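Have a look at the structure below before the remarks.
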Amino acid sequence: MTSGAAAVQSVTVPGYHGRAVRVSGGSTIRVTDVEGSQIGDMFAISEDDRFEYLSPAQTRNFVRRLFPSIGDPFHTNRHNSILTLVADDSPGPHDMLFAPCDQKMYEEEGFVGDHRSCRGNFFEATREIGLDMPVVPDPVNLFQNTPAQPDGSLALFETLSRPGDSITFRAEMDLVFVLTACSADLGEINVNGGKSTPLRIDVTP
Ligand SMILES: [Zn+2]
């Protein structure tokens, strides 16, 4: 390796799948929407203790917003900073209110048979790296355009992200970073561009 250049670890998350990556504290993590209009469900779990993970509720509590601003932290269920929002090179918005999609949700939408989901993909991805998670934490839904309205309702709009748009975080502890390319491809208003397409994770130490 040439001196001075940090090696970037790039991981592609195929559509309808998830990936888990071990990341050292201080690293930069960039998530890119490769083809556009793709939601990414993001999870972060402490490397030292799988019972400590990013909590959207604790994050909202701390930043007093529905999503952190640039420079703000994401907190864990134990009130520790786990990620910081460094840059947002996408139109946003991003969601921290919706649960990850799961088999039941697709059945409720009328789908018959097995449908891939962020819940299933979370377990697949974590098992693949030998991490046995007891629960699926609530996710941060990157690029998901479902903003709260003044009357308290949650709108379902199409995702605005374009090919190559990205969002960047700094890891504040050693962690397992999990990203699932949301499998949503049904529904009257499709929030995920009608199909699931790849995302890319770039980790710079
Ligand atoms: Zn999903």
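The values are calculated or read from the model by the stated rules, or taken from the named source; none is laboratory data. Values in this document were obtained by computation on a predicted structure and should not be read as measured data. Note that we place each Cβ from the backbone using ideal geometry, even for glycine, and neighbour counts take in every protein chain shown. Surface accessibility is based on the protein's heavy atoms, side chains included, excluding ligands, DNA and RNA. Shrake-Rupley method; radii C 1.70, N 1.55, O 1.52, S 1.80 Å.
Would you mind working out the magnitude of the charge dipole of the range 9-204 relative to its Cα centre, with +1 at each Lys and Arg C-beta and -1 at each Asp and Glu C-beta, to the nearest 20 Debye?
On the way: 16 positive and 28 negative charges, 71 e Å.
Approximately 340 debye in magnitude.
Helical runs (DSSP H, four residues minimum) scored at -39500 (n - 2.57) apiece and divided by the length of the chain put the mean residue ellipticity at 222 nm at -3500 deg cm²/dmol.
If we count every other residue with Cβ under 10 angstrom of Ile39's Cβ, Lys/Arg +1 and Asp/Glu -1, where does the sum land? Provide the component values of the computation, followed by the final result.
Numbers: positive: none; negative: Asp33, Asp41, Asp95.
Its environment carries a net charge of -3.
The slack in the chain from Glu107 to Leu131, taken as 0.36 nm per residue of separation less the alpha-carbon distance, amounts to 5.8 nm.
In the chain, if the dipole is taken from +1 on Lys/Arg beta carbons and -1 on Asp/Glu beta carbons about the Cα centre, which of Leu85, Thr204, His75 is farthest to the positive end? With unit charges placed on the Cβ atoms, the residue in question is Thr204. Short-range pairs are left out: with C-alpha atoms under 8 Å and at least six residues apart, the relative contact order of the chain is 44 percent.
With a ≥ b ≥ c taken as the square roots of the eigenvalues of the C-alpha gyration tensor of the range 32-134, please select rounded if a/c is under 1.5 and otherwise prolate if a/b is larger than b/c or oblate if it is not?
Numbers: a/c = 1.81, a/b = 1.30, b/c = 1.40.
Judged from the Cα gyration tensor, the range 32-134 comes out oblate (a/c at least 1.5, b/c at or above a/b).
Treating r as the C-beta distance of Arg60 and Leu160 and R0 as 22 Å, the FRET efficiency rounds to 0.50. With point charges of +1 on the Cβ of Lys and Arg and -1 on the Cβ of Asp and Glu, referenced to the Cα centre of the chain, which listed residue (Gln9, Thr180, Ala155) lies farthest in the positive direction of the dipole? So the residue we want is Gln9.
Given +1 on the Cβ of Lys and Arg, -1 on the Cβ of Asp and Glu, and no further charges, what dipole in debye does the range 1-99 carry about its Cα centre, rounded to the nearest 20? Please report the intermediate quantities before stating the final value.
Details: 8 positive and 11 negative charges, 39 e Å.
That gives the range 1-99 a dipole magnitude of about 180 debye.
Not counting the cut sites, what is the longest span of the chain without trypsin sites (Lys or Arg not before Pro) that DSSP labels loop and that have at most 12 other Cβ atoms within 10 Å? With trypsin sites (Lys or Arg not before Pro) excluded where exposed in loops, the chain gives 66-205 as its longest stretch.
Kirkwood hydrodynamic radius of the range 9-204 from all distinct Cα pairs, in Å? Mind showing how you got there, number by number?
Working: mean 1/r = 0.0606 Å⁻¹.
One over the average 1/r among Cα pairs gives 16.5 Å for the range 9-204.
Need the full-extension length gain, Asp202 to Ser10, defined as separation in residues times 0.36 nm minus the C-alpha distance. One decimal, nm. All intermediate terms of the calculation are to be shown ahead of the outcome.
Values: separation 192, 0.36 × 192 = 69.12 nm, distance 0.45 nm.
Contour length minus the Cα-Cα distance gives 68.7 nm.
Atom-type composition of the exposed protein surface of the chain places 49 percent of the accessible area on carbon and sulfur (1.4 angstrom probe).
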